[in-house]
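One structure below.
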Amino acid sequence: MILGILGGGQLGWMLGIAARRLGIDCVFLDPATSCTADLVGERIRADYDDPDALAELARRCDVVTYEFENVPATAAASLAKTIPVRPGWNSLETSQDRLVEKNFLAGENVPVPPFHAVDDVASLKAAISEIGTPAILKTRRGGYDGKGQVVLRDPAAAADAIDAIGGRPAILESMVDFDLEVSVLVVRGVDGTTKAWPPIRNHHAEGILRRSECPAPGVSPRAGTAMVDHAVRIAEALDHVGVLTVEFFVIGDTVLANEIAPRVHNSGHLTIEFSETDQFENHVLAVTGHPLGSTAARHGHAIMLNAIGDSPPPTTLADARVATVDAMGIVAADGNPDDDAVYHGYRKTSRVARKVGHLTITDDSIDPVRADALAAIVPGAIPD
Ligand code: AMP
């Protein structure tokens with residue numbers, strides 16, 4: 001069994017680690033000069049829509065998956081002619097376009113914030129008169145980590161907001177005064193079996209995920225159950241195969257879906273240490289047609305801190321009694337008997353706003369002082 005993966009970043013790397021543990025080899029396709037996933041598999045270095053590269057990938061692999069949702073439609077279609085692409089086109093098409101996504105969610109009776117299609121200043125003005133301000137203008141395609149988004153507080157700034165997103169097709173979405181942000185990850189197998197991990201609470205700053213925690217503090221059982229039910233229903237409606245992530249805003253017992261990602265997700269990194277089967281292994285099991293592993297927890301509590309821009313120096317990690325993983329994801333012993341804190345460095349060069357690693361701490365109940373001390377040494381992480 002050989003698994004093809006579009007994208008060779010840190011998600012590809014962690015998918016590759018899980019695949020190799022299962023005895024499955026990976027071939028990646030990515031145009032970059034160097035990729036984290038080069039540590040765990042061979043790579044075809046070419047653009048995602050290069051017909052020769054796609055033909056080679058299809059020839060060398062038994063099934064293809066991806067680590068990002070912006071797979072060009074032409075690439076997905078050309079691969080799908082000769083090889084299964086999982087998750088399939090439904091999942092890609094729905095998550096690539098915020099308008100299609102929001103219409104799909106609303107059609108599946110998943111609550112979403114009020115939204116309105118925007119193509120120009122006139123339709124933005126119409127949208128503002130319908131949903132009011134403050135609101136967020138988001139490009140339909142291509143935005144991530146808060147990119148392609150403008151907060152609109154004053155209706156008079158409509159023309160500037162359209163300029164700020166380069167006049168691209170967009171949606172205007174009501175600004176939600178949420179209590180918390182939560183993601184739910186589910187995995188669905190080829191046979192339609194689904195399993196979910198418990199809801200994960202996420203903290204963002206400047207549109208970038210900084211910290212995730214599970215079990216999600218402050219989420220009522222009712223809201224938690226509703227989000228898992230929605231996520232499972234979405235996966236079924238899309239006939240999704242693999243991991244699917246749904247991000248929600250939570251206000252008391254009310255949940256509103258923000259977006260879906262048809263893939264493994266940054267907020268799910270804590271499942272590596274927290275869960276019996278992590279998101280990467282279950283994604284590989286699902287897309288290769290194997291039975292899914294248990295998503296039950298192995299610990300009482302997990303917190304993940306993203307390193308943004310730069311990794312903590314090795315001596316800082318050692319002084320803080322944090323273990324590190326090697327290129328194959330194997331944890332070096334840190335001799336710390338109190339808890340399990342592990343840093344996963346992505347071997348990426350430093351760059352502003354770039355995710356270069358993450359630290360996960362697991363314990364029966366994590367000492368908040370320890371968590372804050374670790375947040376202080378991880379660049380870009382934030383305390384609770
Ligand atoms: P997105 O790219 O849609 O996931 O947005 C990135 C982040 O911006 C989210 O995680 C929220 O923190 C914030 N955000 C996005 N949409 C809204 C909204 N409608 N109301 C309030 N905050 C939002």
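The values are calculated or read from the model by the stated rules, or taken from the named source; none is laboratory data. Just so it is clear, the structure is predicted and the values come from calculations on it, not from any experiment. Heads up, the Cβs are rebuilt from the backbone with ideal geometry, glycines too, and the neighbour counts pull from every protein chain shown.
I'd like to check something: does region 231-244 contain any residue that is within 16 Å of the ligand (Cβ to nearest atom) and of a type outside the set (A, V, I, L, M, F, W, C)? For region 231-244, residues within 16 Å of the ligand (Cβ to nearest atom) and of a type outside the set (A, V, I, L, M, F, W, C): absent. Taken together, the residues in region 247-292 that are farther than 17 Å from LEU209 by Cα and assigned to a strand (DSSP E or B) amount to 5.
Screening ALA196, ALA135, ALA122 for residues that are touching a helix residue (DSSP H, G or I) at 6+ places or on another chain (Cβ under 8 Å), more than 10 Å from the ligand (Cβ to nearest atom) and of a type outside the set (Phe, Trp, Tyr) leaves exactly one candidate, ALA196.
Criterion applied to VAL232, VAL255 was being crowded, with 24+ Cβ neighbours inside 10 Å, among the β-branched types (Val, Ile, Thr) and touching a strand residue (DSSP E or B) at 6+ places or on another chain (Cβ under 6 Å), and the one residue passing it is VAL255.
With respect to the conditions (1) outside any strand (DSSP E or B); (2) more than 23 Å from VAL64 (Cα to Cα), VAL232 falls short on a single one, namely (2). Among the strands (runs of 3 or more DSSP E) confined to region 293-384, the ones with at least 3 residues that are of a type in the set (Val, Ile, Thr) and at pLDDT 95 or above are located at 355-363. Within region 177-192, the set of residues being surrounded by fewer than 24 Cβ atoms within 10 Å (Cβ to Cβ), away from the ligand (no atom under 12 Å from the Cβ) and on the phi < 0 side of the Ramachandran plot comprises GLY189, VAL190, ASP191. In region 147-168 there is no residue matching the filter, namely being closer than 30 Å to HIS290 by Cα and more than 16 Å from the ligand (Cβ to nearest atom).
Hey, could you check region 199-224 for residues that are under 11 Å from LEU180 (Cβ atoms) and of a type in the set (D, E, K, R) and say which is nearest to the ligand (Cβ to nearest atom)? Of everything passing the filter in region 199-224, ARG201 is nearest to the ligand (Cβ to nearest atom).
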